[in-house]
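A.B. asks: Below is the structure I would like to discuss, written out as structure tokens.
The values are calculated or read from the model by the stated rules, or taken from the named source; none is laboratory data. All figures in this text were calculated on a predicted structure; none of them were measured in a lab. For neighbour counting, all protein chains shown are included, and Cβ atoms are generated from backbone atoms with ideal geometry for every residue, glycine included.
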Amino acid sequence: MQQLCFIGFMTLIYLGSRIFSIKKKGNCNRKKEWIQFIFAEFVFGVIGVTLLPIYIRIGYQPTWDSIDINIRPFHFIEEYRSLIQMDSFYVSIAVKNLLGNVLLFLPFGFLIPLLREKKTTVYYIILVCFCVSFCIEIFQTVERFLGIGLRIADIDDILLNCLGGLTGFGIYKICSTIWHLKTPR
């Protein structure tokens, strides 16, 4: 519920600011506006999925013991594999986490080249996906420390998010070759 309220509220703010900006400028490129709107909704969705809901705990005292951080690459991926071998119940959890992290950032790789004026390289996509994912993990750690979040910061999430961005960029490259996609000016 918090996620939907957040996305709805941010959408209203975004649309209000864009309408104000367009009225002030007097003209707009509809294709570019739609791509920007889709990108904004995607960003609001990522924030909603990764940082919400926020829990309010009365009397909670933050401690460093409350923070869980995985800095060992592929640790949770290996853990999922061993859990699946013990019990097939964990298959859906593993697929949701692994595939979810890849799919979550796929639009970054596709939409960023459409929004940029300059040519977008694979290195740029990796950098953007890494930085955004890293910031999310930091916010999740802070939320966990403050007792308002339940998520665990995980290097595997960053790696899977970057893979998702690269996959989206690959899809963009294929589509731009077939349909000659260009950045709307």
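A.B. asks: Name the single residue, out of those in the range 121-176 being in contact (Cβ under 8 Å) with a residue 24 or more places away in the chain and among the aromatic types (Phe, Trp, Tyr), that is farthest from Ile56 (Cα to Cα).
C.D. replies: Tyr172
A.B. asks: Quick check on the range 80-98: of everything there that is among the small types (Gly, Ala, Ser) and farther than 22 Å from Gly164 by Cα, which residue is modelled with the highest pLDDT?
C.D. replies: Here the answer is Ser82.
A.B. asks: Okay, next question. What residue, among those in the range 81-114 that are touching a residue at least 40 places away in the same chain (Cβ under 8 Å) and either in contact with a Pro (Cβ under 8 Å, 6 or more places away or on another chain) or surrounded by fewer than 18 Cβ atoms within 10 Å (Cβ to Cβ) (or both), is farthest from Ile35 (Cα to Cα)?
C.D. replies: Leu98
A.B. asks: Counting only residues that are assigned to a helix (DSSP H, G or I) and either touching a strand residue (DSSP E or B) at 6+ places or on another chain (Cβ under 8 Å) or not basic (Lys, Arg) (or both), how many does the range 65-119 have?
C.D. replies: Of the residues in that region, 38 qualify.
A.B. asks: Okay, moving on. Within the range 40-64, which residues are part of a loop (DSSP other than H, G, I, E, B) and among the hydrophobic types (A, V, I, L, M, F, W, C)?
C.D. replies: Leu52, Ile54, Ile56, Ile58
A.B. asks: May I ask you to say which residue of Glu33, Glu78, Glu117, Glu41 is exposed (fewer than 12 other Cβ atoms within 10 Å of the Cβ) and either touching a residue at least 24 places away in the same chain (Cβ under 8 Å) or not hydroxyl-bearing (Ser, Thr, Tyr) (or both)?
C.D. replies: Answer to the selection: Glu117.
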